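**Q** Take a look at this one; I'll ask things after.
Only the coordinates and a few stated rules stand behind these numbers; no lab work does. Since the structure is predicted, the reported quantities are computational estimates derived from the model, not experimental observations. Here the Cβ positions follow ideal geometry from the backbone for every residue, glycine too, while neighbour counts run over all protein chains shown.
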Amino acid sequence: MPSQPNVTKARERVAKLRELINDYRYHYHVLDESIMSEAAADSLKHELSELELTYPDLITADSPTQRVAGKALDKFVKVTHRTPMISLADVFNEQEIVAWIDRMRRTLPAVNDEYLCDIKMDGLACSLIYENGILMQAVTRGDSKVGEDVTMNVRTIENVPLTLRPNQKFTHFLRGRTEIRGEIVMYKAEFAKLNELREKQGLSLFKNPRNLAAGTIRQLNPQLVAERPLHFVGYDIIRDTLEDTPTIAFGYSVLSELGITTSRQTRVVKGLGEIMEYVKRLGEIREDLPFNTDGAVIKLNDRAQFAQLGTVGKTPRAAVAFKFAAEEATTIVKDIVISIGRTGAATPVAVFDPVQVAGTTVQHASLHNADEIARLDVRRGDTVIIFKAGDIIPQVQSVLRELRPKETKPINYLEELARQYPELEFVRPEGEVVYRVKGLTGDIILKRSLQHFASKGALDIDTLGEKNVVALIDAGLVKDLADVYRLTKEQLLALDRFADISANKLFTAIASKKRPPLERFVFGLGIRHVGTQTAIDLVNAFESIDQLAHATIDDLKAVDGVGEVVAESVAAWFADEDNMALLEKFAKLGVVPHYEKKTGRLARKSFVVTGSLESMSRDQAADKIRALGGTFQSAVAKDTDYLVAGGKVGVSKLKKAEQYGTKIINEKEFLELL
């Protein structure tokens with residue numbers, strides 16, 4: 001048995017060690033600063049543990065060594081909350097915040113227009129109950145009235161103080177019952193490290209930090225909980241006397257003084273304008289925060305008025321949660337189309353009913369390759385979960401097979417390639433996951449695409465013919481269609497083909513096409529099955545490149561002359577990430593296609609020209625017809641109004657015109673119409 005002097009010295013040493021370790025914890029977790037290295041702190045904890053091992057009578061429940069209890073629980077005990085942990089009503093925009101404020105004013109006309117705004121933590125709600133400053137119990141939210149006792153697990157969380165921090169300002173909070181409410185979260189960086197380790201170990205990856213935090217706290221073995229880096233972030237303090245915390249903001253300041261970690265994102269604001277400023281700022285910085293958030297909490301700051309306003313159903317009148325746009329949503333796959341990219345790669349794309357994800361409307365997502373389709377087992381008609389990777393690119397996360405229609409069939413990728421591109425042959429190079437067009441390289445495709453883009457029917461860029469296109473691409477000056485607008489005279493002069501006059505001529509020709517007619521621009525993009533007239537029909541229907549890009553397959557099929565094949569092709573082109581990036585690049589380089597509504601005398605009239613005309617070529621005739629709002633067709637159909645018959649007329653077209661009742665006119669009559 002150790003002598004009394006030794007016990008006295010040990011007691012003094014233990015007290016000092018606990019004080020210093022708790023001070024280190026406070027500075028590290030609450031103030032985000034370090035008064036010593038982690039190794040030094042671990043050394044102090046080790047010394048304290050050795051002393052307590054030698055003098056077991058000195059061990060107390062609030063000692064830093066007592067965080068981990070070794071015995072696993074059989075079950076969690078139910079606990080009734082003294083004050084219900086009610087959830088907040090959600091709002092999604094400024095108008096709904098205005099309506100919330102108006103409702104409070106109708107209930108309490110003298111309501112104070114001051115609010116406490118804070119980040120809405122994406123974690124597991126939990127209440128910490130301290131008696132005389134010592135942690136006695138931790139309880140989950142549960143159904144708001146009854147939660148589960150998770151004290152053993154919460155004690156393992158390093159930033160949860162087992163004893164509230166003594167201080168001069170708020171000594172009365174260390175007496176009696178103090179309840180602290182907050183969220184148990186896992187920081188994003190620590191979650192990523194945990195998944196990296198699991199990947200190396202060949203284990204399945206955790207889905208997200210929130211689910212992992214919630215699942216961890218509900219483990220019956222505290223040892224497992226201790227192995228995972230959880231954090232408690234406080235947001236409210238409850239005392240038996242309302243006067244102890246007259247405002248919500250005052251409660252926040254008390255939390256930090258008592259050693260509780262807070263979000264550090266709180267702000268007292270006045271009025272709607274400052275509320276929206278806070279929400280906007282939070283939306284801008286939330287990706288850089290260490291923890292996940294799905295919105296902001298807005299509370300009436302005055303606690304007495306907060307209590308006076310009471311509750312409606314299960315939610316308080318005096319607080320709301322502003323939710324950022326959902327980052328996941330469900331939708332139904334209407335089709336799976338294949339896009340051929342600029343390198344010849346065939347990329348499958350899921351086309352689905354428009355859905356809001358992370359604040360934007362999306363209606364297609366890349367399925368990447370045949371292996372990904374097989375992995376997801378995604379089919380036409382499936383209900384899928386869509387999410388945005390990095391808040392930017394929509395992706396198919398998973399298929400809800402429980403909602404799968406009985407008639408769906410698995411996707412056979414080779415059959416799809418053959419159906420959608422019967423004229424092409426595809427090959428999957430060894431070691432690659434994508435199928436590519438056989439016999440075509442990226443450069444060959446780009447040369448053909450640029451020649452088409454610069455052609456007379458498209459942007460009509462003077463002197464950018466086949467030989468100059470080849471020279472520019474072979475020299476590495478042009479890597480996509482938009483790159484022609486980045487060319488400088490100096491770059492052109494460095495090539496053998498160009499002298500000062502020719503370089504200046506091409507440079508000027510390109511610059512003059514920065515505001516091309518929208519229908520020529522759409523045709524010039526080289527979307528499969530989109531010819532000159534189809535481009536005009538699409539542009540007349542949607543009037544901007546943005547609206548065309550967001551058109552659904554059903555929207556596209558509603559355009560006269562656009563069937564299923566063309567609609568699929570257009571949807572696939574705009575679903576390709578490279579193509580959308582190309583359009584953004586055009587815009588950044590100042591290329592702004594313009595739409596001009598055609599309302600000329602030939603509006604809603606369709607023409608076919610057969611034979612040779614003396615006054616103009618067929619292309620010129622087509623341009624004149626379109627300029628006056630008419631439609632130029634390549635073959636006589638039921639909806640053709642006029643067949644212009646020039647010299648050496650084709651008999652078959654005349655017969656069809658007679659069959660369909662199409663009016664046949666000569667060149668003179670045609671010129672009169674013009």
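**Q** Quick one: putting +1 on the C-beta of Lys and Arg, -1 on the C-beta of Asp and Glu, what dipole do you get for region 328-437 around its Cα centre, in Debye to the nearest 20?
**A** In total the dipole reaches around 160 debye.
**Q** Long-range amide H contacts for D353: which residues qualify at under 5 Å (H placed 1.01 Å from N, peptide plane, sequence gap of 5 or more or a different chain)?
**A** Those qualifying (amide H under 5 Å, at least 5 residues apart or on another chain) are I332, K334.
**Q** So what's the net charge close to K663: Lys and Arg +1, Asp and Glu -1, counting the other residues with Cβ under 14 Å from its Cβ? Please list the in-between numbers first.
**A** On the way: positive: K605, K638, K653, K656; negative: D639, D641, E658, E669, E672.
With Lys, Arg at +1 and Asp, Glu at -1, the neighbours total -1.
**Q** Moving on. Please work out the C-alpha center-to-center distance from region 578-601 to region 249-306 and express it in whole Å.
**A** The distance from the Cα centre of region 578-601 to that of region 249-306 comes to 43 Å.
**Q** Mind listing the long-range amide H neighbours of D294? Cut-off is under 5 Å, sequence gap 5 or more, other chains count too, H placed in the peptide plane at 1.01 Å from N.
**A** K120, D122
**Q** Any idea what log10 I(q)/I(0) is at q = 0.13 Å⁻¹ for region 448-531, Debye with uniform C-alpha scatterers and no solvent?
**A** -0.37
**Q** Given K438/K489; K207/K323; K78/K388; K207/K557; K280/K588, which pairs have Cα atoms separated by over 29 Å?
**A** K438/K489; K78/K388; K207/K557
**Q** Take the Cα pairs of region 513-620, get the Kirkwood Rh, then feed it into Stokes-Einstein at 37 °C and 0.692 mPa s and tell me D in µm²/s.
**A** In µm²/s, the coefficient is 217.
**Q** Then there's this: Quickly estimate the mean residue ellipticity at 222 nm for the chain, helices only: each DSSP H run with n ≥ 4 gives -39500 (n - 2.57), and the total goes over all residues, rounded to 500.
**A** -11000 deg cm²/dmol
**Q** For G259, which sequence-distant residues (separation of 5 or more, or a different chain) have an amide H within less than 5 Å of its own amide H, given hydrogens modelled in the peptide plane?
**A** R165
**Q** Still on this structure, I have one more. Kindly write out, for region 582-589 in residue order, the coupling ³J(HN,Hα) from the Karplus curve 6.51 cos²θ - 1.76 cosθ + 1.60 (θ = phi - 60°), rounded to whole Hz, with x marking Gly and Pro.
**A** 5, 5, 4, 5, 4, 4, 5, 8
**Q** Also, quick follow-up: Out of all DSSP beta bridges with both ends in region 328-437, state the antiparallel percent to the nearest 5.
**A** Numbers: 28 of 29 bridges.
Of the beta bridges lying entirely in region 328-437, close to 95 percent run antiparallel.
**Q** If you don't mind, another one. Take the residue pairs K456/K479; K479/K624; K648/K668; K467/K514; K447/K605 and return only those whose Cα atoms are more than 27 Å apart.
**A** Pairs exceeding 27 Å: K479/K624; K447/K605.
**Q** For region 79-323, calculate the relative contact order in percent as a whole number, restricting contacts to Cα pairs under 8 Å that are 6 or more residues apart.
**A** 31
**Q** Apply the Karplus parameterisation 6.51 cos²θ - 1.76 cosθ + 1.60, with θ equal to phi minus 60°, to every residue of region 101-115 and state each ³J(HN,Hα) to the nearest whole Hz, in sequence, with x for glycine and proline.
**A** 4, 4, 5, 4, 5, 5, 6, 9, x, 8, 4, 6, 8, 10, 9
**Q** Within the set of other residues whose C-beta is less than 11 Å from the C-beta of R181, count the net charge using Lys and Arg as +1 and Asp and Glu as -1.
**A** Net charge around R181: -2.
**Q** Here's another thing I want to ask about it. Stick to the Cα atoms of the chain, pair each with every other, and give me the Kirkwood hydrodynamic radius in Å at one decimal.
**A** One decimal place: 31.2 Å for the Kirkwood radius.
**Q** Using packing as a proxy for protection, rank 489-496, 402-409 so that the peptide with the highest average count of other Cβ atoms within 10 Å comes first.
**A** By packing density, highest mean first, the sequence is 489-496, 402-409.
**Q** Compute the relative contact order of the chain as a whole-number percentage, counting only Cα pairs closer than 8 Å that sit 6 or more residues apart in sequence.
**A** Relative contact order, the chain: 9 percent.
**Q** How large are Rg and Dmax for region 606-673 when calculated on the C-alpha trace, in angstrom?
**A** When restricted to Cα atoms, region 606-673 yields Rg and Dmax of 10.8, 29 Å.
**Q** Right, next: What net charge do the residues around T463 carry, taking every other residue with its C-beta under 13 Å from that of T463, with Lys and Arg at +1 and Asp and Glu at -1?
**A** Details: positive: K456, K467, R497, K505, K513; negative: D460, D462, E466.
That works out to +2.
**Q** Give the distance, in whole Å, between the Cα centre of region 159-196 and the Cα centre of region 430-494.
**A** Here the two parts' Cα centres lie 61 Å apart.
**Q** Whole-Hz ³J(HN,Hα) for each residue in region 193-205, computed from phi via Karplus 6.51 cos²θ - 1.76 cosθ + 1.60 with θ = phi - 60°, x for glycine and proline: what do you get?
**A** In residue order, the calculated couplings are 4, 4, 5, 4, 5, 5, 5, 5, 7, x, 9, 5, 8 Hz.
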